[in-house]
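Trainee: Provided herewith is a single structure, encoded as structure tokens, for subsequent inquiry.
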Amino acid sequence: MFHKWKKSENSVLLAIFFLPLSSKLIVIIMRKTILLLLALAGCCMASAKVVLPQLFQSGMVLQRGKPIPIWGKADPLEQVSVKWQKKSFITTADAEGHWRIDLPKTKAGGPYILEVKGGDDSPLQLMDILVGDVWLCSGQSNIDVTIERVYPQYVDEIDHFDNPTVRLFRVRNTTNTHGVQDDILPTSWTTLTKEHAWQFSALGTFLAQRMQQKTGVPQGVIVNSWGGTPIEAWLPADSLAKDYPQLLQKTALYDNKEYVAAQQQANTLADRRWNELLDQQDPGIAGHYTALECDDSRWQVIDQNHWGWRGTGSTWLRQHVQIDRVHAGQPARLLLGTLFDADITYVNGQQVGRTYYQYPPRRYDIPAGLLREGDNVITIRFINKYGTAHFIPEKPYMLCFGADRQRQNPMPQDVIALSNQWLHHAGVSMPSCPSGDVSLQNLPTTLYNAVLYPLAPYALSGIVWYQGESNTGNPAPYGDYLQKLMGSWRTLWQDPALPFCIVQLANYDGRQQTGMPRPIGYEANPVNSNWARLREAQRLATLGDEHAETACIIDLGERVDIHPLRKKEAAERVALCMDRLVYGEWPALSAQPVGHDVKGGEVTVIFDQPMQDGPVSEVEVAGADKRFVNVEATMSGAYLKFHSPIANPLYVRYAWKDCPRADMRSRKGLPAFPFEYTLR
């Protein structure tokens, strides 16, 4: 290339002699411009390098026992070589610069070096690479729940996190409304330590730790989740085009960067102005409601278990706490359960914590010296933009002292319980904060495009999918969506046998979280629970799929918390499914019905394994009209037996509520799946 351009340059010089002087000057200027452009082009060509996706970095874990795809970009038609374990593998980039090399199956081990080189470039070296098992954990907020959130449940174990053979990789959140993209945002692999895991997925961390202890080989976990997102956001456009074209039209409405940016800016300005007016007009700020000496003698007394403030704006609560000489001046942790919606909390006039939305537990550290002997005051400023401001029952409300004050399993020994009685004073009522919803992460295909597609075909042991809460409003199509998700992801990875573990929704009563009263007879009477319908879709989606299992965690939830904290136990249920799918073992999983017998009014439902004997709660039966009634049922061995008050029983349901008692267990102690079964 260089000689071709040299020949052209000499021809230009010869032609200059036959031109007028003014023309010669113009040509000279043009010639210098051309040479400058050529020089810049030469620099660009000389600096062109092979580019690897973000997944391929030092410290990564590659999948053992499978071909290992390595891919990236280079100059079009450039030769690319990969050196791995003393062998070189060569390919040529296509016309668009894309290339891929599949390394041979490799046994677990490491650390290794991977060297990638394009053309005459210096080789790119990736260091400290391990080979073991790689897990992709995806879904919504229960995958997001961090080690920091669950720390009080597992203090001793988390304090000793230090395993260099477990590696963590968090995909950063972003969206794409108009098509798939090649790569994710910059991020990196880290080793498992308490510090690195603190803001990492608790379920993913415990899964990797458990699998490493079981297998003795390195483990890598890739977490790719986004709280509050529906399953449609994780599906590709081609899987929705035929059956759900209206969903794609919804996404197309937001495929305009200028509109989205303008709307987001407007929302930011509206929120900022709303908060400015709130602070300007709130009498609690001017009246110093947070101060210890504030006169609250005329404030209204309320009981937190029966109080709710339905309004938009702010409201104030205070509680006086008597501190003895032993605890005065000590550091403490204030537990305020969970609150709806946002709060700013003060102790003796000093802010000790702030939470911007309803879900996180309120655990606020009080520094040494702030609590004094005698009278102290806790002040909560509730800020509400929708719904009813309220306390969440069944959560801890106390001051914790001592070295174990951060622990909640078991609770600390030295505590001062707070009273249910609070003093209440109105703040300011505000109009609703205007907003236009541009939550692109909730639109169909946007997450598949931006954060799922770029990960393939990175070799995996299996995929964990924990999602569904955001689809309980309309559970009818969820089973179809879930089948499409597993099918399309397997197609993307070019692996029809790629294992999936679907984590079934846990028990949870959403009415408590929003302050909505429950219908009379809700606990006792049959209800057509959307949560139960979605759980059933999750269970049925893996039946008949030899490469998929559903993990039942119906006993690991919390009635008042959509983000249950027992993530280590949930990870163990997932691991049992993967023991079967990946390692070819046959551990006992949660039981489900496989047959039945009906003789007159006596009904027997047969399970796939022996169960714990005894009475079973929340069994319902219905005829063809699907009007369910409760029945008294008993489990004996693998047989659930009851007498039907329905003349021609056709349907049997078990644990068909948002938050059922679910007391049927296998002899291994695992809960049985909630189910609806047809007697035909």
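The values are calculated or read from the model by the stated rules, or taken from the named source; none is laboratory data. Just so it is clear, the structure is predicted and the values come from calculations on it, not from any experiment. Here the Cβ is made from the backbone with ideal geometry for all residues, glycine too, and neighbour counts use every protein chain on show. The area values use the complete protein model at the heavy-atom level, side chains included, leaving out ligands, DNA and RNA. Shrake-Rupley method; radii C 1.70, N 1.55, O 1.52, S 1.80 Å.
Trainee: Residues being at negative phi, surrounded by 18 or more Cβ atoms within 10 Å (Cβ to Cβ) and among the polar types (S, T, N, Q): count how many of those fall in the stretch 420-469.
Mentor: The qualifying residues number 6.
Trainee: Could you check the stretch 342-359 and list, in sequence order, the residues that are over 23 Å from A286 (Cβ atoms), open to solvent by less than 20 Å² (accessible area, probe 1.4 Å) and touching a residue at least 24 places away in the same chain (Cβ under 8 Å)?
Mentor: Q358
Trainee: Go through (1) among the hydrophobic types (A, V, I, L, M, F, W, C); (2) farther than 23 Å from T388 by Cβ; (3) part of a strand (DSSP E or B) and name the single condition A368 misses.
Mentor: A368 satisfies every listed condition except (3).
Trainee: While we're here: Being under 26 Å from P396 (Cα atoms) and surrounded by 17 or more Cβ atoms within 10 Å (Cβ to Cβ) is the requirement here; does Q330 meet it?
Mentor: yes
Trainee: Please determine, by comparing only the residues of the stretch 230-259 that are of a type in the set (A, V, I, L, M, F, W, C), part of a helix (DSSP H, G or I) and in contact with a helix residue (DSSP H, G or I) (Cβ under 7 Å, 6 or more places away or on another chain), which one is surrounded by the fewest Cβ atoms within 10 Å (Cβ to Cβ).
Mentor: L248
Trainee: How about the stretch 534-552: which of its residues are under 21 Å from R665 (Cα atoms) and either among the hydroxyl-bearing types (S, T, Y) or without any contact (Cβ under 8 Å) to a residue 60 or more places away in the chain (or both)?
Mentor: Selection gives T542, L543, E549, T550, A551.
Trainee: Picking from L399, L335, which residue would you name as being crowded, with 17+ Cβ neighbours inside 10 Å, in contact with a Cys (Cβ under 7 Å, 6 or more places away or on another chain) and assigned to a strand (DSSP E or B)?
Mentor: L335
Trainee: On the given criteria, is T91 assigned to a loop (DSSP other than H, G, I, E, B), surrounded by 13 or more Cβ atoms within 10 Å (Cβ to Cβ) and touching a strand residue (DSSP E or B) at 6+ places or on another chain (Cβ under 9 Å)?
Mentor: no
Trainee: Restricting attention to the stretch 380-396, which residues are touching a Ser or Thr at 6+ places or on another chain (Cβ under 8 Å) and open to solvent by 60 Å² or more (accessible area, probe 1.4 Å)?
Mentor: K385, Y386
Trainee: Counting only residues that are closer than 30 Å to H643 by Cβ and assigned to a loop (DSSP other than H, G, I, E, B), which one in the stretch 539-588 is most open to solvent (accessible area, probe 1.4 Å)?
Mentor: Only one residue tops the list, namely L543.
Trainee: Could you say whether any residue in the stretch 102-120 is surrounded by 17 or more Cβ atoms within 10 Å (Cβ to Cβ), of a type in the set (A, V, I, L, M), in a strand (DSSP E or B) and out of contact with any Gly (no Cβ under 8 Å at 6 or more places or on another chain)?
Mentor: There is at least one residue in the stretch 102-120 that is surrounded by 17 or more Cβ atoms within 10 Å (Cβ to Cβ), of a type in the set (A, V, I, L, M), in a strand (DSSP E or B) and out of contact with any Gly (no Cβ under 8 Å at 6 or more places or on another chain).
Trainee: Next question. Looking at this structure, is T193 touching a residue at least 24 places away in the same chain (Cβ under 8 Å) and over 24 Å from V51 (Cβ atoms)?
Mentor: Considered against the rule, which asks whether it is touching a residue at least 24 places away in the same chain (Cβ under 8 Å) and over 24 Å from V51 (Cβ atoms), T193 comes out as yes.
Trainee: Still on this structure, please answer the following. Which residues, taken from the stretch 121-161, are in contact with a Gly (Cβ under 8 Å, 6 or more places away or on another chain), open to solvent by 10 Å² or more (accessible area, probe 1.4 Å) and polar (S, T, N, Q)?
Mentor: Listed by number, the list holds a single entry, S141.
Trainee: Same structure again: So V116 fits all but one of (1) under 24 Å from the mean Cα position of the chain (by Cα); (2) over 28 Å from R362 (Cβ atoms); what number is the exception?
Mentor: Status for V116: all satisfied but (1).
Trainee: In the list L185, L277, L207, which residue meets the criterion of being touching a residue at least 12 places away in the same chain (Cβ under 8 Å), of a type in the set (A, V, I, L, M, F, W, C), assigned to a helix (DSSP H, G or I) and open to solvent by 10 Å² or more (accessible area, probe 1.4 Å)?
Mentor: L277
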